[in-house]
Amino acid sequence: MSVDEKTVRRIATLARIGVREEELPALAKELNTIIGFVEQLSEVDTEGVKPFTSPVENTMRWREDAVTDGGYAEQVLANAPAKDDEYFAVPKVVE
Amino acid sequence: MSKLTDLNLAQARDGLVSKAFSAVELTQAHIERVEASDKLNAYVLKTPEKAMQMAKASDAKIASGTHGPLEGLPIGVKDLFCTQGVRTTASSKILGDFIPPYESTVTQNLWTDGAVLLGKLNNDEFAMGSSNETSCFGPVNNPYQGANGENLVPGGSSGGSSAAVAARLGVAATATDTGGSIRQPAAFTGTVGLKPTYGRCSRWGVVAFASSLDQAGPITQTVRDAAIMLGSMASFDSRDTTSVARDVPNYEAALTGNIKGLRVGIPKEYRVDTMPAEIEALWQQGMDWLKQAGAEIVDVSLPHTKYALPAYYIIAPAEASSNLARYDGVRYGVRQEGVDIDDMYANSRAAGFGDEVKRRVMVGTYALSAGYYDAYYVKALQVRRLIAEDFNRAYEKCDVLLTPTTPSAAFAVGKEVEDPLEMYLNDVFTVTVNLAGLPGLSVPAGLDAHGLPLGLQLIGKAFDEEQLLRVGEVLETAAGFTTRPNEWWSA
Amino acid sequence: MASNPNLIAGATGDWEVVMGLEIHAQIASQSKLFSGASTEFGALPNSQVSLVDAAMPGMLPVINAYCVEQAVRTGLGLKAQVNNYSVFDRKNYFYPDLPQGYQISQFLQPIVGEGAIEIDLPDGAVKTIGVERLHLEQDAGKSLHDQHPSQSFVDLNRSGMALMEIVSHPDMRSAAEAQAYVKKIRAILRYLGTCDGNMEQGSLRADVNVSVRRPGDALGTRCEIKNVNSIRFIGQAIEYEARRQIDLIEDGGVVQQQTRLFDPKNGETRAMRSKEEAHDYRYFPDPDLLPLEFDQAYVDAIAKDLPELPDDKKARFISDYNLSPYDASVLVSEAENAAFFEAAAEGQDAKAVANMVIGSVFAGLNKAGLAIAESPVTPKQVGQLVGLISDDTVSNSIAKEVFEMMFDEGPDQGKDAAVIVEEKGLKQVTDMGAIEAAVDAVIAANPDKVTQAQERPKMAGWFVGQVMQATGGKANPQAVNKLVMAKLGLDS
C-alpha cells in the first residue's frame, strides 16, 4: 500500500494538522518510507494470535462511586488561551 | 575531599546523613555547576530558588532525624513529568508555558522522600526521538565529544537526563522510556539507565506518548543509585489503572554481588549483521565477566525480534495520535487563531508540533483509519504478543538476558535527523523490552575506538528488578567504567 | 388505500417509515465514569471538572464501580445478554467540548448485548422491539453557541459523566411506536433506578434514525436526528422527517445519509451545518484501561436484587386485580403510580380503585402540577372512599365530589372520606320509601313529560335527573332508575 498526496491530505485533516500544499509531496515520501518499513509485518503468520493490548495481566480495578475531585474551576481554566468568565472560549462553532 | 558534584547519589546521601556537608551546600554546588553548563542545553528550566528552599527544609529534617531516603539530594526531572507550579512542556511548543496545577505521582514520591528539584530537563518533543534533536528547545550536547571535537547527541528521548547525569548536573535524573528512551541515552553517556517493568512506576502526571509502552525510571551514575531511585519512584497508584499493586522491595538490599548459578541468556537474533566489531567484542566481554562471577551463559532464541521495530512504529504512533489529540489550543497551551474551529485546531497543531511529532501522529492516524486498522494496528498487536511469548519461552531457560544496549556509540548532532528510519534503528535492541513490558537496565561497560561510552543491556523478568539490579551491579563492578568526559562545556 | 395504519400515503403510493433509536441515558451516579468529580445538575460552569475531565496532560481514567453495576442492572432489566468481558475503546474526533480529543466508549465488545422490550401501543396492542446493545461511554461537555457573536463557550461539567447508550434494532414503524419505545425504556430505567429519565435536564436523550421505503423493499438511506429531548419532539421530528424524505424521493431526489437537528420552534429537521467530513473515528482499545471483567456471581447478585419491572407488574395487575391491559399499562408507567395504586387497592375493589386513581387522582395531580409523592390524598384515603362506593354509602358522583374536597383540603387537615360524608350528610339514600316518594312527586308535577316519555323512552333519563336533584344526589341512582322505569311503565 502506498500513500498518495490525497491520502496525506485526508490524514492531516483527520489529525487536524495544517499542511500546506507544497509540503504534501515530501510528507507523502516520508510516510511511504515508514509505512514501507512497517509492512514487513505482513511476513509474520499471526493466524489465531490474540492481539496484545496491555502488558498488565491483572483484572481492571474499579473505584468507589464518591465525589473526591473537582470544585476548582479556576485551576481548570488557569492555562486557557481564551476564556470568558468561567467558560473556555473558542471560535464560534456552527452546528 | 573531592568536589560535592563528583559524588554519586549513594555517596551524597551518606555524606548528608553523616553531616559531612549540608543539603544547602550540596544543592548550591549543583546549582552553580548547572549555571556553568548552558552549552550542554540539558536544562530547559532551572529552579534554583525552589531548590534552595527544598534543601533548607531537608537540612531541618536531617537535623531532626526525620529525613527520608532521598533527603537533600538534588536531582533533575525530565520535562515530561508534570510538576505543580513549575512550567512543564514536554519540550513542545504546543504546551507553551503550561503550568500544571498538579504533581506527577513519581515526582511527588521523590519529594516526599526528600529529593530536591534542580530544574526540568530537555528531551525529544513528547519523548519522540533518539537523539534529543526534536526538542523545541534545541538539541542537547553529549558531554562526550567526537574525536574531532564535534558535538554528539546524548541519545533520546531522555537526552537532557543522560547529559545532566554524565556531566554531574544533579546526583540523578528522572527519565521515561517508551522504546529505549532511558537505556539508549544512558549507553551514549556512560551512565546507568533503568526502565522498570510496565506498571511499576505510576504514569499519572507524566505526559503520555504511548500509554501501553511508557514507563518512568531513573538515569544515574551507578547501579546502586538506580536501585535507590527506583525505590522511591516506584509505587502502587490507584489513580493509574495500569499501575500494578505490588509492594516495593528494598532494591538496594538486593545488591548482594552474588550471581552464582544465575543463567544468563544470549539471544542469537541480537547478533545483527551490521553490528560493529567493538560492540560484538564488548558483548562477549560481558558474557565473560558474568561467567567469571559464577553465572552460566545460555543461548536462547527470540525469533520475532526482527519485527519488534515495525510493530513498535505502528503501536506507538497509533497511541500517540490519540494521546496528542488533547493538544488542541482550547484548555491550555498555544493557540493559533483561524477562520473557524477546525482551522484553529489545524493552525495550532501545525505551529505547535515539530516535524517528528507530526510524522508520528500522521502515521498513527493512518494505521488506525478505516480500512487499515486490521492490516496495521491489529497485526502489530498480534506480533507484539508473539514477541512477549518469545521472552516467556526464553525465560524457561534463563533468568536474565544480556545484549548490547545500542548498535552504535553516540553519533554527531545532525547526522541522522534527516532520515527517520535510520534514527528509528537506534532502538533495535531496546524496543522489544517495552513491547513485552519487561524491565531493562543499561550499564556502561566500555569505550569504542573513539573513546565514546558503550552500554550493555540486561533484560529481566517482569517485576524482577531486584535480580536485574543485582546482575547489573556485578557487571558494573567487572567493567569498572570510570571514564569522565573532558569538561569542554564549562566556561 | 393502505390497510396498514402505519403506512404513509404519498403522491405515488404508500410508504413505510422505519426507525431505530439510540438512547443516551445518564447513569444516576454521584461521580463521573472515570473521575471523582460530581455529577450534580446545575452547578457553576467548570466547577464540577477534575483534571481528568479537562484532559490535562498525564491524567488517567479509573472506572467507577457503581456505573458498571448500573449498566449490568439495566442490561438485566432489558432482558439482554450481559457480557462478563467487555472492552473500552477510544472514539477519536475533535470537538471543543470533547477535551481528550476522543470519547472513551465501547465499540466491538460492549458490556451488554442483544435484548428485547415490549412496547405498549395506544390501541392496547403490544409489540416487541429488539435491543442490539448497551454500552458504557463518557458524556461530552456542553458548548454554548448563542452567548457571543464570534465565540462559542465551553462548560465541561457534563464532560465525563457516565452514559449508557442503548441501541435498538430498526424495529419501529411509526412515530407512536418510537414514542412508546422511549417511554418504555424510560420506565424501565426509572424502575431500576439507573437513570432518572429526566429529558428536560438531558439525562435521557435520543438520536432517531429515520428512513422510508416502499412496503416490502430493503431499508432506505437513513438520516440521524441528533439529541431530541422530549417524547413529543420525537414524534414531531419523525413525522416531519418521514414526510421530508417521501417528498424528496417522490420529486425525483435521493436521500443523503446525514446528521440532522430538530428545531422545536418550527417543528422541522435540518442538516447540521458542520462539515460532513466522512467520519473515521479510528476506534482502538484504550491503552489507559484494561478489559472490564466480572464473574457470573456478580451478575447473579445484581439479578437477585432486581425490582419487579413494568411488564411483570402489568401482567400481575391484569391477573391479580383483573384490570384491563390499558389501565394496567397506565398504572405501571411509573413505579410510584403503581405503588400508590397497590396501596389504595388493599382490601378494596381494585377495578374501582384503578378508575379512581386514573380518573380522579391523576387528573387532580395533573391540574395542580403535583407529583404523586405530593398527593394531598393518601392511597389509604382513596381506598376508603372506594370502600364507601362499594358498600353503597355514596354514589360514584358523590364520591367524586368527596374526593375533590379531600384533595383541596390537603393531607394535614384532610379528613377521611367517611367523616366528610357524615358531616356533609352525603350518605346515599337507600330507603326505597323515600326514593319512591320523590319519584312520585316528580311524576305528579310533570304529567306532560310523562306522556312524552312514554312515547320516547329515552326521556326517562330526565325523570331520573330530577329525582337525583331533588334528593341532593344522594339517592342510589340504580334504585331511582328502576323505579322511574316501573312507574312510567317502561320496564317491560
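The set of residues from the stretch C:324-379 being assigned to a loop (DSSP other than H, G, I, E, B) and either under 21 Å from C:Lys183 (Cα atoms) or modelled with pLDDT of 95 or more (or both) comprises C:Ser324, C:Ser333, C:Glu334, C:Gly369, C:Leu370, C:Ala371.
A search for C-beta distances below 8 Å between a residue of the stretch C:161-177 that is of a type outside the set (Gly, Ala, Ser) and any residue that is part of a helix (DSSP H, G or I), counting only pairs 6+ apart in sequence or on different chains, returns C:Met164/C:Gln70; C:Met164/C:Ala71; C:Met164/C:Thr74; C:Ile166/C:Thr74; C:Ile166/C:Ile185; C:Met172/C:Ala178; C:Met172/C:Tyr181.
Residue count for the stretch B:323-348 satisfying the condition of being of a type in the set (A, V, I, L, M, F, W, C) and either facing chain C (nearest Cβ under 7 Å) or out of contact with any Lys or Arg (no Cβ under 8 Å at 6 or more places or on another chain) (or both): 5.
With C:Ala301, C:Ala338, C:Ala343 as the choices, which residue is touching a residue at least 40 places away in the same chain (Cβ under 8 Å) and either hydrophobic (A, V, I, L, M, F, W, C) or touching a Pro at 6+ places or on another chain (Cβ under 9 Å) (or both)?
Working: C:Ala301 fails: touching a residue at least 40 places away in the same chain (Cβ under 8 Å); C:Ala338 fails: touching a residue at least 40 places away in the same chain (Cβ under 8 Å).
Result of the check over C:Ala301, C:Ala338, C:Ala343: C:Ala343.
Would you check which residues across the stretch C:149-176 are facing chain A (nearest Cβ under 9 Å), closer than 24 Å to A:Gln75 by Cα and in a loop (DSSP other than H, G, I, E, B) and list them? The answer is C:Leu156, C:Asn157.
Scoring B:Phe391 on the criteria (1) of a type in the set (A, V, I, L, M, F, W, C); (2) under 24 Å from the mean Cα position of the chain (by Cα); (3) facing chain A (nearest Cβ under 8 Å) leaves a single failure, condition (3). Of everything in the stretch A:44-90 that is more than 7 Å from every other protein chain (Cβ to nearest Cβ) and under 30 Å from B:Asp390 (Cα atoms), the residue that is nearest to the chain's Cα centre (by Cα) is A:Glu57.
Criterion first (surrounded by 21 or more Cβ atoms within 10 Å (Cβ to Cβ) and at the interface with chain C (Cβ under 10 Å from one of its Cβ atoms)) does B:Tyr366 satisfy it? The answer is yes for B:Tyr366.
With respect to the conditions (1) over 16 Å from A:Arg63 (Cα atoms); (2) in a loop (DSSP other than H, G, I, E, B), C:Val72 lacks only one, and its number is (2).
Okay, residues lined up against (1) under 21 Å from A:Lys92 (Cβ atoms); (2) among the aliphatic types (A, V, I, L, M):
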{"residue": "B:Gly338", "(1), (2)": "yes, no"}
{"residue": "B:Met362", "(1), (2)": "no, yes"}
{"residue": "B:Thr365", "(1), (2)": "no, no"}
{"residue": "B:Leu386", "(1), (2)": "no, yes"}
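Per the listing C:Asp311, C:Asp295, C:Asp300, the residue uniquely more than 30 Å from A:Lys92 (Cα to Cα) and within 14 Å of another protein chain (Cβ to nearest Cβ) is C:Asp295.
Scan the helices (runs of 4 or more DSSP H) fully inside the stretch C:392-492 and keep the ones with 1 or more residues being of a type in the set (A, V, I, L, M, F, W, C) and over 45 Å from the mean Cα position of the chain (by Cα). Spell out how you get there, then give the answer.
On the way: elements: C:396-413, C:417-423, C:432-445, C:447-455, C:460-470, C:477-487.
Answer list for the stretch C:392-492: C:432-445, C:447-455, C:477-487.
Only one of the numbered conditions (1) farther than 30 Å from B:Thr89 by Cα; (2) surrounded by 23 or more Cβ atoms within 10 Å (Cβ to Cβ) is violated by C:His24, and that is (2).
Hey, can you tell me all the residues within the stretch B:430-452 that are among the acidic types (Asp, Glu) and buried (at least 24 other Cβ atoms within 10 Å of the Cβ)?
Keep residues of the stretch B:430-452 that are among the acidic types (Asp, Glu), which gives B:448.
The answer is none; no residue qualifies.
The set of residues from the stretch B:405-423 being over 17 Å from the mean Cα position of the chain (by Cα) and either in a loop (DSSP other than H, G, I, E, B) or more than 14 Å from every other protein chain (Cβ to nearest Cβ) (or both) comprises B:Pro407, B:Ser408, B:Phe411, B:Ala412, B:Val413, B:Gly414, B:Lys415, B:Glu416, B:Val417, B:Glu418, B:Asp419. Would you check if C:Thr194 is out of contact with any helix residue (DSSP H, G or I) (no Cβ under 7 Å at 6 or more places or on another chain) and of a type in the set (Val, Ile, Thr)? No, not satisfied. Of everything in the stretch C:310-331 that is among the hydrophobic types (A, V, I, L, M, F, W, C) and closer than 20 Å to C:Gly364 by Cβ, the residue that is farthest from the chain's Cα centre (by Cα) is C:Leu331. All of C:Gln81, C:Gln70 fail the test of being modelled with pLDDT of 95 or more, crowded, with 23+ Cβ neighbours inside 10 Å, away from chain B (no Cβ under 13 Å) and over 26 Å from B:Asp343 (Cα atoms), apart from C:Gln70. Just to be sure, is B:Ile266 surrounded by fewer than 24 Cβ atoms within 10 Å (Cβ to Cβ) and not in a helix (DSSP H, G or I)? For B:Ile266, the condition - surrounded by fewer than 24 Cβ atoms within 10 Å (Cβ to Cβ) and not in a helix (DSSP H, G or I) - is met. Within the stretch B:45-86, the residues that satisfy the criterion of being buried (at least 16 other Cβ atoms within 10 Å of the Cβ) and in contact with a Phe, Trp or Tyr (Cβ under 7 Å, 6 or more places away or on another chain) are B:Gly76, B:Cys82.
Residue by residue, here is whether (1) in contact with a Gly (Cβ under 9 Å, 6 or more places away or on another chain); (2) small (Gly, Ala, Ser) holds:
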| site | (1), (2) |
| --- | --- |
| B:Glu125 | yes, no |
| B:Met128 | yes, no |
| B:Cys136 | yes, no |
| B:Pro139 | yes, no |
| B:Gln145 | no, no |
| B:Gly155 | yes, yes |
| B:Ile182 | yes, no |
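Only a single item in (1) part of a loop (DSSP other than H, G, I, E, B); (2) closer than 24 Å to C:Gln26 by Cα is not met by C:Asp217, and it is number (2). For the stretch C:32-59, a residue qualifies if it is assigned to a loop (DSSP other than H, G, I, E, B), crowded, with 24+ Cβ neighbours inside 10 Å and touching an Asp or Glu at 6+ places or on another chain (Cβ under 6 Å), and the qualifying residues are C:Ser35, C:Asn46, C:Ser50. Return only the number of the condition from (1) under 28 Å from the mean Cα position of the chain (by Cα); (2) within 14 Å of chain B (Cβ to nearest Cβ) that C:His145 does not satisfy. Among (1) under 28 Å from the mean Cα position of the chain (by Cα); (2) within 14 Å of chain B (Cβ to nearest Cβ), the lone unmet condition for C:His145 is (1). When you check B:Val272 against the structure, is it of a type in the set (Val, Ile, Thr) and either closer than 29 Å to B:Gly129 by Cα or within 14 Å of chain C (Cβ to nearest Cβ) (or both), yes or no? Yes, satisfied.
Answer yes if at least one residue in the stretch A:28-35 is within 9 Å of chain B (Cβ to nearest Cβ) and part of a loop (DSSP other than H, G, I, E, B), and no otherwise.
The answer is no; no qualifying residue exists.
When the stretch B:1-44 is filtered for residues that are surrounded by 18 or more Cβ atoms within 10 Å (Cβ to Cβ) and either hydroxyl-bearing (Ser, Thr, Tyr) or part of a strand (DSSP E or B) (or both), the ones remaining, listed by number, are B:Thr5, B:Ser22, B:Thr27, B:Ser37, B:Tyr43, B:Val44.
The values are calculated or read from the model by the stated rules, or taken from the named source; none is laboratory data. Not measured: the values here are computed from a predicted model. All Cβ positions, glycine included, derive from the backbone under ideal geometry; neighbour counts span all protein chains shown.
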